[in-house]
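The values are calculated or read from the model by the stated rules, or taken from the named source; none is laboratory data. Bear in mind that the values here come from a model prediction, so they are computed numbers and not experimental data. Please note: Cβ atoms are built from the backbone with ideal geometry, for glycine as well, and neighbour counts cover all protein chains shown.
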Amino acid sequence: MEYISVFDMLKIGIGPSSSHTLGPWRAAEQWLLELENKNVFSSIKRIQINLYGSLSLTGKGHATDYAVLLGLTGNDPETVPVENIDTTISSIKKNKRLLLNNNISIDFDFNNDIIFNKTFLPFHSNGITFIAFSKERELHKSTFYSIGGGFIIKEEEIHNEKKIDLKKNFPFPINKASDLLGFCKSENKIISEIVLENEKALKSEDEIDVELNRIWNTMLECMYIGCHTEGSLPGGLNVRRRAFDMHKGLNVSTPYNNPKEWIEAIRQTEVKFRQILKWVSCFALSVNEVNASLGRVVTAPTNGSAGVIPAVLMYYIVIENHKANFEQVKQFLLVSAEIGSIFKKGATISAAMGGCQAEIGVSSAMAAGALCELLGGTPEQVMIAAEIAMEHHLGLTCDPIGGLVQIPCIERNSMGAIKAINAAELALETNPKNVKVPLDMVVNTMWETAKDMNTKYKETSEGGLAVLVNIADC
C-alpha cells in the first residue's frame, strides 16, 4: 500500500510533457544530489546523457534535451523564469559549456553529449542514464526512469521495495476505489473529506490550503495567458494558437486586468447554450497551448493532459455556480487527485506505458468525479462519473505528430473536458444499484488494454497520425 499525496498528482512544472520534460528534469536534479553525496564534483570534466526508448524517439519534440540541461544547471521547474529558458539553452549550445548545478563549468557539446538511443531498456520505456567523467575515468553512472506525471524511479528502488514516502498512521489507506467508498460509508463522509484527512497527516490544513491555492492560481494564470496570447506554436508544425481567437469571439465585454477579474467578467457575460461548449474548449486549448510552448502548467495528472481539469473547474465556476469560491476549488482538486492516484496505483498515468488513455482518459475521469461531487453527487456517483469518463477513452493511442505535444494532443484536452462534464451529468442520473461496471474494473481493464497495445502507439511517433500525416502539409 502506498499513499500518493494530492501534491504528487498535481505538480507545477514546465511543458510540454510530464514524463518527457518534468520527469527527466527531476532525474537530473536527483543525479546532482548523488554527485554531491559522492563528493566527486571537483573532479568532473565532462558528462554524458543517454536517452532510451520513448524519451529518445520523441525526446526532441518533447524538449527532453532542454529539460535535462535546465535541471543540470540547477534551475527548478516550479520557479525558473520561463522567459529565460531559450537564453540558457542557446548559451550552452553556443559556448559548449555547462554550469553544472550553478557551480562548476564543464565542457559540453549539445550535439554529441546527449545521445538519443532508440533502443528500449527492459525495465521501462522512459529510461535516462547520466555518466560523469574525470579526465581519466568514469566517476558516477546512474539510470532513472520517468514513469509519468513527473514521477521518477530507479530500478533498484523497486527491487529493494522502497516506496513513495509512506506513513503508517494515515487514517484512511486507499489503494482502490472500493477502499475509498468503504471509508466514505463507515465514516459518513464525502470523498473530499476523506482525502483531506489523509493530507492532514502530512501537512496542516493551512499549509494544504496554501498549496492548493498555489496550484489553482497556476492553472488560472495558465488559462489566462493562453487566452490572451496570439500567434503560432514553436516546433516546426506552425500550429496556430486557437484559444486567442476563440476567446475573442466569445465577447467578454466587461473590463478586466488580471485572471481573477477575468473570472468575474466571464460570469457577467450572457452565455448561450452553444457557447458553453466553446468556453470549455477554449479553457482546455489555452492551457495546452501554453504547455506546448514550454510554459508553466500543473500536471493533472500529466502535462499532456493538463487542460482537462482546469477547464472543467472553470466551467463549474463561471457557468454552474457563480458563487463558487476557494472551498469549491479545494474540494474539486482533492477529489480529482485521489481518483488520479487510484489509476496510478492500479494501472498507469504514462502514455509511454499505456497510450493516451493513460493521460487524457485519466484526466477526464479525475475531472468527471470531482465535478460530480461539486454538483451534489454521492461518493458512489462520483465513482460512476470517473468510470464513465474512462470507459469511453479505453484504447486511446498516443501518436503525436513530429513528437510534439500539439497534434492531436491539444484538441484531445477539449474532448476530454467535454466528456468529463457529460460523464458527471450521466452519473448524477444513475442509481448505483444498477451499475454493472465499477471503477476498479475499468482501472484493471485500462491496464490490460495498455499491456495489449502495440508499442508504436505508446508515445513513440512510430504509428497512427505520427506516420500517416505528412508533416510538410501541417
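Applying the criterion of at least 1 residues that are of a type in the set (F, W, Y) and in contact with a Cys (Cβ under 8 Å, 6 or more places away or on another chain) to the helices (runs of 4 or more DSSP H) found wholly in segment 296-363 leaves an empty list. So which residues in segment 115-135 are under 19 Å from L32 (Cα atoms), touching a Phe, Trp or Tyr at 6+ places or on another chain (Cβ under 9 Å) and not small (G, A, S)? Within segment 115-135, I128, T129, F130 qualify. Answer with yes or no whether E138 is at pLDDT 95 or above, among the acidic types (D, E) and under 18 Å from L35 (Cα atoms). Against the criterion (at pLDDT 95 or above, among the acidic types (D, E) and under 18 Å from L35 (Cα atoms)), E138 qualifies.
Of everything listed in (1) at pLDDT 95 or above; (2) farther than 21 Å from G231 by Cβ; (3) not hydrophobic (A, V, I, L, M, F, W, C), the single unmet condition for E270 is (1).
Looking at this structure, is R296 under 22 Å from T21 (Cβ atoms) and surrounded by fewer than 24 Cβ atoms within 10 Å (Cβ to Cβ)? Considered against the rule, which asks whether it is under 22 Å from T21 (Cβ atoms) and surrounded by fewer than 24 Cβ atoms within 10 Å (Cβ to Cβ), R296 comes out as yes.
Got at least one residue in segment 426-440 being part of a helix (DSSP H, G or I), free of Cβ contacts under 8 Å to residues at least 40 places away in the same chain and over 21 Å from the mean Cα position of the chain (by Cα)? Checking segment 426-440: at least one residue is part of a helix (DSSP H, G or I), free of Cβ contacts under 8 Å to residues at least 40 places away in the same chain and over 21 Å from the mean Cα position of the chain (by Cα).
If only residues of segment 114-140 that are within 28 Å of the chain's Cα centre (by Cα) and not in a strand (DSSP E or B) are counted, the one that is surrounded by the most Cβ atoms within 10 Å (Cβ to Cβ) is S125. Within segment 209-224, take every residue that is touching a strand residue (DSSP E or B) at 6+ places or on another chain (Cβ under 9 Å) and aliphatic (A, V, I, L, M) and give me the one that is surrounded by the fewest Cβ atoms within 10 Å (Cβ to Cβ). Selected residue: I215. Here K278 meets the list (1) touching a residue at least 40 places away in the same chain (Cβ under 8 Å); (2) surrounded by fewer than 17 Cβ atoms within 10 Å (Cβ to Cβ); (3) not in a loop (DSSP other than H, G, I, E, B) almost entirely, failing just condition (1).
State which residue is surrounded by the fewest Cβ atoms within 10 Å (Cβ to Cβ) when the search covers only segment 24-39 and only residues that are touching a Leu at 6+ places or on another chain (Cβ under 9 Å) and in a helix (DSSP H, G or I). Residue satisfying both the conditions and the ranking: E29.
Selection of segment 97-149 for residues being aliphatic (A, V, I, L, M) and closer than 30 Å to A300 by Cβ yields I114, L121, I128, I147.
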